[in-house]
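Inspection log for the structure reproduced underneath, given as structure tokens.
The values are calculated or read from the model by the stated rules, or taken from the named source; none is laboratory data. Given the structure is predicted, the values throughout are model-derived calculations rather than measurements. Backbone-built Cβ (ideal geometry, glycine too); neighbour counts: all protein chains shown.
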Amino acid sequence: MNSALAFACAQLLTAALHEAGHGVAAQLLGFSPSIYAFFEDNPTGNIRQTLTILAAGPVASVTLGASFWVWYSRQKPHYAFGRLLLLWLALLGVMTVVNYLILTPWLAAGDTAQIAEVLRWPMPARYGMAAIGLALLVGLARPAATAILAVSPSTVTLDSPRARRRFIMRGFYLPLLVGIALTALAGIGGRPVAIGYGLLGTLGNIDIVVAAMYAGGASPRVDERDPDAPLRVEPAAIVLYVALVLLYVLAFSRGMPI
């Protein structure tokens, strides 16, 4: 449950920061945008302005995701809600862009697809973007596996590929599915189509977890991990989750001006 709550909180934070990236760029260009649950009312101007606004969201996501990944990697391996949250923020931030690239030819509402449409890219170029996204997914699989294993409790055995896959399945794959249901509650009062796309994107992040399950990765030694890590649901996880859901339901559902 700590991982499920961390996933839901990270997803809600990542989505808000992504849309804020769009919104800040639009604001700097003289527009007056608002952030809603899982989308921002992207204004359109000339081609340069439109491309800047469209690109700002992915740039914000990948920059923050990479920063969180570096921060996480510099910590000593241990299990805690805060560390799970940081890891999910890292994975989701980076994968927001990777998954947009993968879906460029098919998801017309995606940022990269809209950029390709503004630039009038031919379909082969869009499939090329999808190929780049898939290559990035494969390249990130092993680093993601290493990062995931570094949050394992000391009581978890990681001495075989099967044991590592079992930990990722129980600690990240299944919590992601539970986390989707938790994330959906933040859509109450929002626009159904936007909520649908948001949840579809949330489910799409399962690709990096599946890739990590079969990528191996470096396991931390037992003596590197904290033997006294609390495995119960931490109160901070519940408090942060409830606060984020209330923010979405009470503010983002109506639109929050930047």
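At a glance:
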| quantity | calculated |
| --- | --- |
| Within the stretch 234-246, considering residues that are surrounded by fewer than 17 Cβ atoms within 10 Å (Cβ to Cβ) and under 18 Å from Trp88 (Cβ atoms), the one modelled with the lowest pLDDT | Ala236 |
| The stretch 102-119 residues that are closer than 16 Å to Asp41 by Cα, paired with ones that are surrounded by 13 or more Cβ atoms within 10 Å (Cβ to Cβ) and polar (S, T, N, Q) (beta carbon under 7 Å, 6 or more apart) | Gly110/Thr104 |
| Within the stretch 108-163, considering residues that are out of contact with any Pro (no Cβ under 8 Å at 6 or more places or on another chain) and acidic (Asp, Glu), the one farthest from Ser219 (Cα to Cα) | Glu117 |
| Leading residue by the ranking (surrounded by the most Cβ atoms within 10 Å (Cβ to Cβ)) among those in the stretch 23-33 that are in contact (Cβ under 8 Å) with a residue 12 or more places away in the chain and part of a loop (DSSP other than H, G, I, E, B) | Pro33 |
| For Pro153: the one exception among (1) more than 18 Å from the chain's Cα centre (by Cα); (2) assigned to a helix (DSSP H, G or I); (3) surrounded by fewer than 20 Cβ atoms within 10 Å (Cβ to Cβ) | (2) |
| Answer residue from the stretch 46-80, given it is part of a loop (DSSP other than H, G, I, E, B) and of a type in the set (Lys, Arg) and is farthest from Gly93 (Cα to Cα) among those | Lys76 |
| Qualifying residue in the stretch 166-183 (condition: assigned to a helix (DSSP H, G or I), small (Gly, Ala, Ser) and either touching an Asp or Glu at 6+ places or on another chain (Cβ under 6 Å) or in contact (Cβ under 8 Å) with a residue 12 or more places away in the chain (or both)) | yes |
| The listed residue being surrounded by 15 or more Cβ atoms within 10 Å (Cβ to Cβ), within 19 Å of Met169 (Cβ to Cβ) and of a type outside the set (Asp, Glu), out of Ile258, Ile206, Ile195 | Ile206 |
| Where Ala211 falls short, out of the listed (1) assigned to a helix (DSSP H, G or I); (2) exposed (fewer than 15 other Cβ atoms within 10 Å of the Cβ) | (2) |
| Flag if Ser219 is over 22 Å from Glu40 (Cα atoms), surrounded by 15 or more Cβ atoms within 10 Å (Cβ to Cβ), in contact (Cβ under 8 Å) with a residue 40 or more places away in the chain and hydroxyl-bearing (Ser, Thr, Tyr) | yes |
| Pairs with Cβ under 9 Å, 6+ apart, first in the stretch 229-258 and within 28 Å of Gln27 (Cα to Cα), second among the hydroxyl-bearing types (Ser, Thr, Tyr) and loosely packed, with under 14 Cβ neighbours inside 10 Å | Pro257/Ser32; Ile258/Ser32 |
| Subset of the stretch 184-208 (residues that are closer than 18 Å to Tyr36 by Cα, outside any helix (DSSP H, G or I) and in contact with a Leu (Cβ under 9 Å, 6 or more places away or on another chain)) | Gly189 |
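To keep it simple, each residue is scored yes or no on (1) buried (at least 21 other Cβ atoms within 10 Å of the Cβ); (2) touching a residue at least 12 places away in the same chain (Cβ under 8 Å).
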| position | (1), (2) |
| --- | --- |
| Leu13 | no, yes |
| Ala20 | no, yes |
| Ile35 | yes, yes |
| Arg48 | no, no |
| Ser73 | no, yes |
| Tyr79 | yes, yes |
